[in-house]
Amino acid sequence: MRHASATQQTCHPTRPGTWRLLAPLVLAIGLGACMTAHGASTPPERPPAGTEVDEARSVAQRPRAPASCLSVQLNGVTVLLDRDALARQAAAKPTQWKTEAERMALIEGRRAAALLEAAGTARDTHGCMQVTQALDGEDQSVLLAHLERGQATVLAPGAAKEAVAAVSIRYLGTRCGPTCGRGHIMVSVPGQPRPFLVADWWVS
């Protein structure tokens with residue numbers, strides 16, 4: 001499992017004219033829109049990265065756990081993923097890449113494989129193999145992709161078996177200058193006081 005370190009982005013002024021070169025260099029973090037090949041599904045279209053935005057969407061999720069599942073707990077919320085789907089994504093990754101789509105398929109396949117490897121052998125009360133260690137940014141991107149596509153089963157804190165019908169996904173981007181800004185994606189269970197998942201989206 002990988003260990004990621006959190007970094008704080010600081011906005012710095014640039015010399016005149018420099019921002020014209022740097023402004024297009026918006027780094028999209030996570031899945032983006034390139035998961036189009038080798039078994040990877042394209043997530044719903046996001047708002048444009050690098051822009052001021054505050055948009056929330058309600059995304060329906062699976063009402064029942066998959067027959068073969070992987071369990072992740074985040075801030076009291078349990079997210080169940082389809083292990084077979086993750087295994088197919090991991091197996092479909094190319095050994096080499098020539099296009100951007102193939103490069104992203106390789107990255108996402110490795111991420112899916114790493115998340116599968118992080119699960120222990122013990123099963124939880126839902127019969128799912130558990131991921132007990134903290135998730136890094138790459139693990140979060142796998143989880144976020146399933147939630148954006150509505151392919152996860154989500155259980156609210158204290159819920160024994162009944163899954164929530166939908167989650168709220170908020171896209172929040174703020175800019176503080178031509179080459180300064182940051183975006184996050186937050187996933188919440190309706191009625192809960194805070195998001196259970198906050199993922200980096202873009203930074204410039």
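The numbers here are math on the coordinates, done by the rules we state, and not lab data. Values in this document were obtained by computation on a predicted structure and should not be read as measured data. Positions of Cβ are backbone-derived with ideal geometry, glycine not excepted, and every protein chain shown enters the neighbour counts.
Taken over segment 72-126, the percentage of Cα pairs per 5 Å bin, counting from 0 up to the bin with the maximum distance, is 4, 18, 23, 20, 14, 10, 7, 3, 1.
Computed from label points 7 Å out along Cα-Cβ, the spacing between ALA101 and GLU55 is 2.3 nm. Once the Cα-Cα distance is subtracted from the 0.36 nm per residue extended length, the ALA166 to ALA122 segment shows a gain of 13.0 nm. A Cα-only calculation for segment 123-204 places Rg and Dmax at 15.0, 50 Å.
Straightening the chain between ALA92 and THR174 buys 25.9 nm, computed as 0.36 nm per residue apart minus the Cα-Cα spacing.
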